[in-house]
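Here's the structure, in structure tokens; my notes come after.
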Amino acid sequence: MAEQLQESMKGTTTIGIVFAGGVILATEKRATMGNMIASKRAKKVYQVAERIGMTTAGGVGDAQQLARILTVECNLYQIRRSRAITVGAAATLLSNYLNQNRYFPYYVQLLVGGVDEHGPSVYSVDAMGGATKEEDIVSTGSGSPMAYGVLEDRFHADMTEDEAIDIAVRSLKSAMKRDSASGEGIQVVVITKDRYEVLGADALTKYLAKTSA
């Protein structure tokens, strides 16, 4: 079982960064099946609440199902309690669901990040239901060792939004150069108390150009 889990979770690079006032969630777009590139436009960041996103690594079907479940549960929380769910509560809810299914696990590793009344935060959630609050940076997937090399070197406390986007893009580019399961483009999501924004092609081109300078 452990070998199967490691095999199915090996391909992808996802990144979470906490900056002053918000969170960056970033991924590349390649989906693989063994040595074959199954998709060049895979979606790996899902909006599950107004100011909360979730990144996915692992089985595509499992990830999509969990994104649907968490979106519904976050909406139900809002309706029942008349207030938005916190990032920690969303991560805990997801953790509980995964833990209940640990004998027939979802083959995923997830990041849940966003902004709530307590400020910005990112949680790492594994397939067995373990949830860990990350204080600043986190990366998952087969490209994470390369991404961490850039993240650890360039991250500093109280980063601006622009600085956080820049190191997210640099980290993904580094992973895409050396990890065959990562590639085909970049998706970056910026979450603050005022907005949930998927960066457009023009904005990404600007940051990519900076990394080549």
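The values are calculated or read from the model by the stated rules, or taken from the named source; none is laboratory data. Everything quoted here is computed from the prediction, not taken from an experiment. Cβ sites come from the backbone with ideal geometry, for glycine too, and all protein chains shown count toward neighbours.
For the range 134-213, which fully contained helices (runs of 4 or more DSSP H) count at least 1 residues that are over 20 Å from Tyr46 (Cα atoms) and within 18 Å of the chain's Cα centre (by Cα)? Result: 144-154, 161-178.
Per-residue answers, yes or no, for (1) touching an Asp or Glu at 6+ places or on another chain (Cβ under 8 Å); (2) in contact (Cβ under 8 Å) with a residue 24 or more places away in the chain; (3) closer than 17 Å to Gly113 by Cα; (4) surrounded by fewer than 18 Cβ atoms within 10 Å (Cβ to Cβ):
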{"position": "Gly143", "(1), (2), (3), (4)": "yes, yes, no, no"}
{"position": "Glu152", "(1), (2), (3), (4)": "no, no, no, yes"}
{"position": "Asp166", "(1), (2), (3), (4)": "no, yes, no, no"}
{"position": "Leu172", "(1), (2), (3), (4)": "yes, yes, no, no"}
{"position": "Arg178", "(1), (2), (3), (4)": "no, yes, no, yes"}
{"position": "Lys193", "(1), (2), (3), (4)": "no, yes, yes, yes"}
{"position": "Gly200", "(1), (2), (3), (4)": "no, no, no, yes"}
{"position": "Tyr207", "(1), (2), (3), (4)": "yes, yes, no, no"}
{"position": "Ser212", "(1), (2), (3), (4)": "no, no, no, yes"}
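Residues checked against (1) over 14 Å from the mean Cα position of the chain (by Cα); (2) of a type in the set (A, V, I, L, M, F, W, C); (3) outside any strand (DSSP E or B); (4) modelled with pLDDT under 95:
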site	(1), (2), (3), (4)
Met54	no, yes, no, no
Gly61	yes, no, yes, yes
Gln65	yes, no, yes, yes
Thr71	yes, no, yes, no
Asn75	yes, no, yes, no
Ala84	yes, yes, yes, yes
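Given the criteria basic (Lys, Arg), modelled with pLDDT of 90 or more and within 21 Å of Thr12 (Cα to Cα), does Lys173 qualify? In short, yes.
When the range 146-162 is filtered for residues that are acidic (Asp, Glu) and more than 10 Å from Ala20 (Cα to Cα), the ones remaining, listed by number, are Glu152, Asp153, Asp162.
Conditions tested, residue by residue: (1) at pLDDT 90 or above; (2) of a type in the set (Lys, Arg); (3) assigned to a helix (DSSP H, G or I); (4) closer than 27 Å to Glu161 by Cα.
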position: Ile79; (1), (2), (3), (4): yes, no, yes, no
position: Ser95; (1), (2), (3), (4): yes, no, yes, no
position: Phe104; (1), (2), (3), (4): no, no, no, no
position: Leu110; (1), (2), (3), (4): yes, no, no, yes
position: Gly113; (1), (2), (3), (4): yes, no, no, yes
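The set of residues from the range 28-64 being of a type in the set (A, V, I, L, M) and over 16 Å from Gly114 (Cβ atoms) comprises Ala31, Met33, Met36, Ile37, Ala38, Ala42, Ala57, Val60, Ala63. Cβ-Cβ distances below 9 Å connect the following pairs, each with a first residue in the range 118-131 that is at positive phi and surrounded by 18 or more Cβ atoms within 10 Å (Cβ to Cβ), a second residue that is at pLDDT 90 or above and among the aromatic types (Phe, Trp, Tyr), and a separation of six or more residues or different chains: Gly129/Tyr97. Would you confirm, using the coordinates I've provided, whether Ala67 is under 14 Å from Ser182 (Cα atoms), without any contact (Cβ under 8 Å) to a residue 40 or more places away in the chain and crowded, with 19+ Cβ neighbours inside 10 Å? No: the conditions fail for Ala67. Just one of the numbered conditions (1) modelled with pLDDT of 90 or more; (2) more than 23 Å from Asp158 (Cβ to Cβ); (3) out of contact with any Asp or Glu (no Cβ under 8 Å at 6 or more places or on another chain) is not true of Gly34: (1).
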